[in-house]
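*Asks:* This is the structure, below, for whatever I ask next.
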């Protein structure tokens, strides 16, 4: 059956760069977008949890979205995060995104019961976004009920993408792909530590942060049937993922540090990190960053050589 939204590849969730005066550094954000495009990413998501979205004002969020859309030059889709602290603010944010010209949006709604969730989802969908991605986030459980997701998928033509970030992500990837006959676009995010498992199950996209060249090569190799190469490269970054995926705050701080060491961001500053990143964290992170840089240098060299052949 034909895919209703044929997006495949790495959709990068962008960290927010801050200046020393705690302002968003838009030139740094543009650099990150351009470098990710050079590496072959298939899209962007911003702002989201990895962007420290709860620490951004509405105006900052909209400015960030506008910056990413402009820097990506229409080459790939940009999903605009619309989540806010309450439903009225979410509706307002969605309207502002649509007025900005966004056609792709991410919904993240609290779940109290199916009636409440359906009502709020439909109210947002009625605003008319072209493509809706729903974030199914549940660090402790299985997330939103399968039958609810399928009911919304069948009822709302613009709901085409599901970002699964649940405790048991692998089995849910399979269930949602089977229930929709492959028509629902399924992506993985936080469960990037099980990336090979997700790709084997048929996931269309993964949505990590940073390491653009590495993630795009893993995805490309797997899709091209080079399973051993994809698995070998994934295993190389195992220690990086083990460190960075301890929790969300450590992940944000690690990848900002990586972007800083790569000369893309002006520094590793975060606004209100809840988990301290101490000297031992920094030392281990720096050794892992050296590993990442070595791998990316090798990939770029191989890509350049292949381009000459």
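*Asks:* Please return the ranges of helices (runs of 4 or more DSSP H) entirely within the range 207-269 where 1 or more residues are farther than 16 Å from residue 188 by Cβ and within 18 Å of the chain's Cα centre (by Cα).
*Replies:* The helices (runs of 4 or more DSSP H) meeting that bar are 212-223, 238-244, 248-261.
*Asks:* Let me ask you something else. State the number of residues belonging to the range 152-175 that are in contact (Cβ under 8 Å) with a residue 24 or more places away in the chain and under 27 Å from residue 238 (Cα atoms).
*Replies:* 13
*Asks:* If you go through the range 104-148 one residue at a time, how many are in contact with a strand residue (DSSP E or B) (Cβ under 7 Å, 6 or more places away or on another chain), under 30 Å from residue 74 (Cβ atoms) and either modelled with pLDDT under 95 or surrounded by 14 or more Cβ atoms within 10 Å (Cβ to Cβ) (or both)?
*Replies:* Qualifying residue count for the region: 16.
*Asks:* Can you name the residue in the range 54-80 that is assigned to a loop (DSSP other than H, G, I, E, B) and over 15 Å from the mean Cα position of the chain (by Cα) and, of all such residues, is farthest from residue 33 (Cα to Cα)?
*Replies:* 57
*Asks:* Check whether at least one residue in the range 232-250 is out of contact with any helix residue (DSSP H, G or I) (no Cβ under 8 Å at 6 or more places or on another chain) and under 21 Å from residue 29 (Cβ atoms), and report yes or no.
*Replies:* yes
*Asks:* Any idea which of (1) part of a helix (DSSP H, G or I); (2) more than 23 Å from residue 31 (Cβ to Cβ); (3) within 22 Å of the chain's Cα centre (by Cα) is the one residue 83 doesn't satisfy?
*Replies:* With respect to (1) part of a helix (DSSP H, G or I); (2) more than 23 Å from residue 31 (Cβ to Cβ); (3) within 22 Å of the chain's Cα centre (by Cα), residue 83 is out only on (1).
*Asks:* Look at residue 49 and say whether it is at pLDDT below 95, in contact with a helix residue (DSSP H, G or I) (Cβ under 8 Å, 6 or more places away or on another chain) and either surrounded by 23 or more Cβ atoms within 10 Å (Cβ to Cβ) or within 19 Å of residue 207 (Cβ to Cβ) (or both).
*Replies:* Taking the combined requirement at face value, the residue satisfies it.
*Asks:* Can you name every residue in the range 14-39 that is free of Cβ contacts under 8 Å to residues at least 40 places away in the same chain, in a helix (DSSP H, G or I) and either over 18 Å from the mean Cα position of the chain (by Cα) or buried (at least 21 other Cβ atoms within 10 Å of the Cβ) (or both)?
*Replies:* If the condition is that a residue be free of Cβ contacts under 8 Å to residues at least 40 places away in the same chain, in a helix (DSSP H, G or I) and either over 18 Å from the mean Cα position of the chain (by Cα) or buried (at least 21 other Cβ atoms within 10 Å of the Cβ) (or both), then 27, 33 are the ones that fit.
The values are calculated or read from the model by the stated rules, or taken from the named source; none is laboratory data. The shown structure was predicted, so the numbers you read here are calculated from the model rather than taken from an experiment. Using ideal geometry, Cβ is built from the backbone for each residue, glycine included, and neighbour counts are taken over all protein chains shown.
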